[in-house]
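The next block holds one structure in the form of structure tokens; read it before the comments.
Each value in this text was obtained by applying a stated rule to the coordinates, not by laboratory testing. Worth saying up front: this structure is predicted, and the values here are computed from it rather than measured. So basically every Cβ, Gly included, is an ideal-geometry build from the backbone, and we count neighbours across all protein chains shown.
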Amino acid sequence: MFNVKYSRKHNVILILTDDQDIELGSMNFMPKTMSIMKERGTEFKSGKIHEKKTIGTYLQEAGYKTAYLGKYLNEYDGSYIPPGWDEWHAIVKNSKFYNYTMNSNGEREKFGFEYEKDYFTDLITNRSLKFIEKHIKTGAWQPFALIISYPAPHGPEDPAPQFAHLFENEISHRTGSWNFAPNPDKQWLLQRTGKMNNVHVAFTDLLHRRRLQTLQSVDDGVSRLFNLLRELNQLWNTYALYTSDHGYHLGQFGLLKGKNMPYEFDIRVPFFMRGPGIPRNASFDEIVTNVDIAPTLLHIAGIQKPARMNGRSLLELFALKKKKRKHSSPLKPWRDTILIERGKMPKLKKIRDRWMKQKKKFNKENRLSKECKRRKWQRDCVHGQLWKCYYTVEERWRIYKCRDNWNDQCPCRKKRELFKDYKDETDEFLRHADRALFASKNQWFQGEIDEKGEVEEGGWFTGWFGNDEEEEEEKEHEEDERASFLRSARVKRGILNKCECSKNVSHPIKLLELKMSKKRQYLKYKKKAQIGYLKPKDCSLPQMNCFTHTASHWKTPPLWPSELGEFCFCQNCNNNTYWCLRTKNETHNFLYCEFVTEFISFYDFNTDPDQLINAVYSLDIGVLEQLSEQLRNLRKCKNRQCELWSTSRAFSSPKLVDLRINNQSFLDNNDLINK
């Protein structure tokens, strides 16, 4: 034990991970961290993720010895040290575990592929311990502020070799929304994402396993850190927070991987705090976010929060929970609503108009699919039959009128004229059909490249933006066809092309009748793929974020089985831009979102914790307008004004319909979703 004097100010430690989920159960595999941070501290169960002057500057000016170790920014080039840090050890560019470069107090260091010397997670832990021990020995009169930013469980998900055998057959990531697809009631991307096949399932399982393995080194690091604080008699004088930048998804709603959706699996993060006066083994349901971290650290350091700084100190929440009034005026109630946003919002139509347009289109597609499932509409045209339905490569039902001569229906006219006929025929068909809603039992699959390099089935195409509804629907048919080659390059046997038309025609009927020209194009493409011409750049669509997974992606065990081949997947698109309200209080627990495509959604967690059902059609239009207005105000507000719009005081409490009853009726009567 060192004979030292102690600072009157508390030490602060912020531990960050990269891409760590809470919904998929990752914290259940970090027993040391859970024991240290939760059992001896408080968990914020509604931790969510959203100042130019860094927290390091504030703390340094308040007399703290400051240190930052680990990942800084994705595009950090290592050419500078941000102001406010006495010790600086940050990786250049994005997360890596081996073969990386660091800026260490202004000097560039290069590291290799040797575990004992180079493994990034352990190196950060070792240097953090060295910083604390050296500081306590030489300057314990001065408080320290330490930020540790671990790379795990971010890609490339390289585990330490001693953990590479763990968690085989672990499937805790398979939540209620896992592989729940297709989702015709959700936003554009999820409408076009189908169920995963066996190869995709194997990928999500292995990726989950590798992520958990990388977190074992973090778990050990947290344990070593607090063992040292105990040895140095600093636990009583130290506050610590543990959290991550955002969550993650692995197969949820059929999406193989990613982190950019407005759902709980992407916005909820681990969030723990411990220190003097913090309740042990407690759990709070109040919504806290990453913008609360800086005010909390300033509060601990005795620094007045700047007026321009967003967020609130978590110590205020503890005071509210204890019903203490240490201030001259009572503490303001804690927020129950936060803003979740991705991208910039253009000027959109009134929410009532968007809701009506979406409801009309959604009901029409459902009715068409319901009717087309009837056997009488699926048989070939016979005498007296007026209509025939067919299923496109894009997994959508389409119809056409039966004619005396099949060739009369060849898609050889101008695109606009042809689309107008199709649109009119659809409306006419539905006027003859029952008006019930439907549930599609069919599925579509993401793109896969087999071991021969052959592109198989997939499920995406690009987005478009416009105000003319008919033009949008017309473009949808055109883009469906453009993407069909990536999704399904196999030639269906027994289907002969009976039409001689130019290859640029985009009528949906063409999707059923494969042309010989497309067959030749496919065979040429297949030949290229077999001789090694297929590269990751071939796995792409405009305005989509796609990747090719191969056996060479991971360099450390456990490796991707070569017998499973390669596959292509598009995980995001440009029109996946949204602005959401996340509300949680004693009466309401919901997510309300508006998308750049004018799509709107509403999920009630009290009845639908996995967000399987878009219940926006169950809302009263007055409530919908109220939510849209609150969202608009939260987007425009600044600083303290945002706290007003983040509580139920912003409006009188919404008189939402009884969603438990309405949603069940919505499903039972209309058969919206049937998977």
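Quick look at the numbers
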{"read-out": "Rounded FRET efficiency, nearest 0.05, which uses the C-beta distance separating Arg632 from Glu586 and R0 of 30 Å", "value": "0.75"}
{"read-out": "In nm, spacing of pseudo-spin labels at Asn74 and Lys555 (7 Å Cα→C-beta vector)", "value": "2.1"}
{"read-out": "Compactness of region 101-176 as Cα Rg over 2.2 N^0.38 Å, two decimals", "value": "1.48"}
{"read-out": "Tensor-based shape of region 1-140 (alpha-carbon gyration tensor, a/c under 1.5 rounded, otherwise prolate or oblate)", "value": "rounded"}
{"read-out": "Overall form of region 11-335 per C-alpha gyration tensor (a/c, 1.5; a/b vs b/c)", "value": "oblate"}
{"read-out": "Inter-probe distance in nm under a simple model that places probes 7 Å from Cα toward Cβ, at Gln378 and Ile621", "value": "3.8"}
{"read-out": "Fully extended contour minus Cα-Cα distance, from Asn227 to Leu166, at 0.36 nm per residue", "value": "19.5 nm"}
{"read-out": "Asn197 paired with Asn545, simple spin-label distance in nm, labels 7 Å along Cα-to-beta-carbon", "value": "2.5"}
{"read-out": "Trypsin sites (Lys or Arg not before Pro) restricted to region 541-627 and DSSP loop, no more than 13 other C-beta within 10 Å", "value": "Lys555"}
{"read-out": "Where chymotrypsin sites (Phe, Trp or Tyr not before Pro) fall in DSSP loop in region 86-142, at most 13 other Cβ within 10 Å", "value": "Phe113, Trp141"}
{"read-out": "Sparse-neighbourhood loop sites, GluC sites (Glu not before Pro) in region 560-606 - DSSP loop, at most 10 other Cβ within 10 angstrom", "value": "Glu586"}
{"read-out": "Segment Asn639-Lys357, extension gain: residue separation times 0.36 nm, minus the distance between their alpha carbons", "value": "98.0 nm"}
{"read-out": "Additional length obtainable on full extension of the chain from Lys110 to Lys322, 0.36 nm per residue less Cα span", "value": "71.3 nm"}
